[in-house]
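Here the structure is laid out as structure tokens; the discussion comes afterwards.
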Amino acid sequence: MNELQQVLIIFAIIVIVGLYFLQKKKFTSSSHQSDSETEVPSSDTSTDSTKKKADNALNDLGEPHITVSSQTQHRLHVDEEDVPENQLGLSFGEGFEPPKKEKEEPVPEVAENVKDTDDKAEQKKPKHIVIKDETLVAIDGFAADKDDLPDFGVPTEPSKVAAEIAQQKSNVEKTEPQVFALIVMGTEDFLWPKVNQTLQGVGLVSNVSQIFVKKDSMGNEIIRVANLLEPGTFPIEEPTNNDYQTPGVVLILELPTTVKAPAVMHDMIMMARKISQRLNGRLYNAERHLIKESDLQQMRDTAVAYESQALK
């Protein structure tokens, strides 16, 4: 017999012993369970007897526990005494008679309710003070009959401030547009890539017309920059075309704009100076005469006068 057979025999013995003890344990538990089941009916019978005793005790509560005399027993079972109706109608004196209730007749309150409603309505009505002035005169074409419209204290004649505002609006409409131009040229033609970079560097953007413009905060065009060559457009689609050259650019300002005239004039002059410095060019007027500092100051004064003219 080798070692493997010995191990198997030992393992089989262990399994048999384990099964024996397991079977014995199951038998013991089943016997205890049967004993407990036999004890349950006895407990149930004791419980039933207890319930019956309790029911009898509750039923006995209705019976008197202390013996009473026959007279007391009779009094307990005496029926209520019948009293004739005629006897109930007898008078026991003024002090014993309850006060008689008088029938209250409904009082018509319609008129008083209507009066109260009218008083409340008058209190809720808005109160206002009417101020009338016979010296006030209405504007021609805007006057209404006094009988048709209440004045409510509002004067029908416009104030001086309103008249001044209306006059200012009419003056603005009558102001004729003015055009200003500044030309940037050099001794030699400018290369297109350099011009494109310079114009974008001063805050200009191209539009659908293939020119450069400066816009306000609302997107309105206030300053335009065009090519000095006809038709005034730039090759926007070819930003690196070194073969294209231009003799210069022209800055155009047309008043009025959405910006005050002095402010937009200042922006155009400063922009023209930056462009001329970056392109190494010089500033000229529309007649291509060299611009002096006095000419630029005159343009500023003209813009101020234009704004003042619109506000006179």
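Under 10 °C and 1.306 mPa s, how fast does the stretch 178-310 diffuse according to Stokes-Einstein, given a Kirkwood radius computed over C-alpha pairs? Answer in µm²/s, whole number.
105
Phi-derived couplings, Karplus 6.51 cos²θ - 1.76 cosθ + 1.60 at θ = phi - 60°, listed residue by residue for the stretch 262-269: x, 5, 6, 5, 4, 4, 5, 5 Hz, with x used for Gly and Pro. The lysine pair tally for the stretch 178-310, using Cα distances under 21 Å and a gap of 8 or more places or different chains, is 7.
Full-extension gain between residue 273 and residue 288, please, as 0.36 nm times their residue separation minus the C-alpha to C-alpha distance.
Values: separation 15, 0.36 × 15 = 5.40 nm, distance 1.59 nm.
Here the answer is 3.8 nm.
Fewest-first ordering of 20, 244, 284 by other beta carbons within 10 Å of each residue's beta carbon gives 20, 244, 284. Each of 266, 289 was scored by other Cβ atoms within 10 Å of its Cβ. Arranged with the fewest first, they read 289, 266. Compared with the alpha-carbon gap, the fully stretched path from residue 300 to residue 22 is longer by 88.4 nm at 0.36 nm per residue. Could you state the number of Å between the C-alpha centres of the stretch 177-218 and the stretch 262-312? Between the Cα centre of the stretch 262-312 and that of the stretch 177-218, the gap is 15 Å.
Amide H contacts of residue 283 (H built 1.01 Å from N, in plane; Pro and chain starts excluded): 291 sit under 5 Å, all sequence-distant by 5 or more or on other chains.
Taking other C-beta atoms within 10 angstrom as a stand-in for reagent exposure, 180, 21 fall in the order 21, 180, fewest first. Residue separation of residue 15 and residue 189 scaled by 0.36 nm, minus their Cα-Cα distance, works out to 51.4 nm of gained length.
Phi-derived couplings, Karplus 6.51 cos²θ - 1.76 cosθ + 1.60 at θ = phi - 60°, listed residue by residue for the stretch 223-234: 10, 10, 10, 10, 6, 5, 7, 5, x, x, 9, 10 Hz, with x used for Gly and Pro. What GluC sites (Glu not before Pro) does the stretch 241-298 have in DSSP loop regions with at most 15 other beta carbons within 10 Å? Loop-located and lightly packed - 287. If R0 is 30 Å, the Cβ-Cβ spacing of residue 240 and residue 202 corresponds to a FRET efficiency of close to 0.95.
Readers should treat all values here as calculations from the given coordinates under stated rules, not as data from a laboratory. Quantities reported herein were computed from a predicted structural model and do not represent experimental measurements. Using ideal geometry, Cβ is built from the backbone for each residue, glycine included, and neighbour counts are taken over all protein chains shown.
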